[in-house]
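The values are calculated or read from the model by the stated rules, or taken from the named source; none is laboratory data. Keep in mind the model is a prediction, meaning the values are calculated, not measured. All Cβ positions, glycine included, derive from the backbone under ideal geometry; neighbour counts span all protein chains shown. Quick note on the areas: whole protein, heavy atoms, side chains included, nothing else; ligands and nucleic acids left out. Shrake-Rupley method; radii C 1.70, N 1.55, O 1.52, S 1.80 Å.
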Amino acid sequence: MQNIHLNSILDNDFYKITMQNAVVKLFPSQIVKYEFINRGKHHFPEGFDHALREIVNKMAELKLTKDEKKFLAKTCPYLDLPYLDFLEGYHYDPSEVKIVQTGNDLSVTVEGLWYRTILWEVPLLALISELHYEMNHMERDSNEVVMSKTLEKADSLNKLGVTFAEFGTRRRHSHKVQNLVMEALTQKKESTFIGSSNVHFAMKYSVKPIGTHAHEWFMFHAAEYGFKMANELALEHWVDVYRGDLGVALSDTYTTDVFFQQFDKKFAKLFDGVRHDSGDPLEFADKTIAHYQRHGINPLFKYIIFSDALNLEKVEEITSYCKGKIGVSFGIGTNLTNDVGLKPMNIVMKLIGVQAPNKEWIPTVKLSDEHGKYTGDPKMIELAKEFLRIKD
């Protein structure tokens, strides 16, 4: 497996960097735990755990380069300079990752200080995906076909006139395929392609790194402050750190309906828009438009980033529905970086616990707008639903 490795510490989603900056500043002593979830019930061949462990151990050698630091300082002036110094001295600690294989099942957990462990999730998922295809000897489409498919998609999206970004690191077929996709997307100067969630590729191809925060930001706040305060305090803390920059709020950690109860006029004006990540996108658009109108805000001055399992058909339908009502943009993931003639993996890694001061673990949960995407301790899910008055 010598050919599978990470070659940059920035080969990660941008929202991990932005959240790490905020965590270093606000929660430097919190300890958390993450767990790999094999949603697609994929089978892992014998020896997978050892191969993955070898790659993870090598990640300790990664280091932020001077050029990468300069790129972040210039492109992302809202990242604190002391944070960039911290990142320059940061190394992955492989002892934070536990990998166990039982038969065809794989267990991966990460535990440690939140500000350190926050960077593991995305590269671990990307490596598991790439290693899975490699060890199962699955042949993908040729480089030419991958490039050609990507160019066709880019042409269709350009014709629709909608801006879109590449969001596909966590479930990419491989680093090579993501590189081919980025090469294709940046070929044309006249394009509606605006950037990548992957910081390494954003730097390599001179495009904007895109991202704000993930579900774990809200899940942590729920464990720390209670379900009722989670959305409000998560948003408040985000504003405290970024003062109006990175203004896209993720809406579905505890259902969109609960989110909009707390996304009051102050937040609705402060944030540029919201991100949709589960449930019916058209229904979500209606709720978002109505919410802005209720607060006397013209929805055409705001926008929604759609990022849930998108393909061209979905993008076309959403664009047509939202035209003249609210701004839209799209973050397309697996459909770009793992459309290679093989079945994409369905894997995630979630924050599952936050350690309380008395060393007890507080389980975290996520209640998205699709019940099938609920994650976490079943008792805690029921408790959250009761507290937030969520009815199935």
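Observations on the structure shown:
- Some residue of the range 242-258 being small (Gly, Ala, Ser), assigned to a strand (DSSP E or B) and closer than 22 Å to residue 364 by Cβ: yes
To keep it simple, each residue is scored yes or no on (1) touching a helix residue (DSSP H, G or I) at 6+ places or on another chain (Cβ under 6 Å); (2) among the basic types (Lys, Arg).
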residue	(1), (2)
290	no, no
296	no, no
300	no, no
314	no, yes
317	no, no
324	no, no
337	yes, no
350	no, yes
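- For the range 95-131, a tally of residues being open to solvent by 10 Å² or more (accessible area, probe 1.4 Å) and either over 21 Å from residue 216 (Cα atoms) or without any contact (Cβ under 8 Å) to a residue 40 or more places away in the chain (or both) returns 13.
- Listed by position, the helices (runs of 4 or more DSSP H) inside the range 263-325 whose residues that are over 21 Å from residue 212 (Cα atoms) and open to solvent by less than 60 Å² (accessible area, probe 1.4 Å) number at least 1 are 281-294, 312-322.
- Set 148, 129, 107: member being among the small types (Gly, Ala, Ser), under 18 Å from residue 50 (Cβ atoms) and assigned to a helix (DSSP H, G or I): 129
- Residue check, residue 339 in a loop (DSSP other than H, G, I, E, B) and touching a strand residue (DSSP E or B) at 6+ places or on another chain (Cβ under 7 Å): no
- Reported count of residues in the range 14-37, each being within 22 Å of residue 91 (Cα to Cα) and either touching a strand residue (DSSP E or B) at 6+ places or on another chain (Cβ under 6 Å) or assigned to a loop (DSSP other than H, G, I, E, B) (or both), is 11.
- If you go through the range 38-79 and pick out every residue that is open to solvent by 40 Å² or more (accessible area, probe 1.4 Å) and either in a loop (DSSP other than H, G, I, E, B) or hydrophobic (A, V, I, L, M, F, W, C) (or both), you end up with 9.
- Contact map, the range 185-202: first residue open to solvent by 20 Å² or more (accessible area, probe 1.4 Å) and among the β-branched types (Val, Ile, Thr), second residue in a strand (DSSP E or B) and modelled with pLDDT of 95 or more, Cβ cut-off under 6 Å, separation 6 or more or different chains; pairs are 192/163; 194/163; 194/165.
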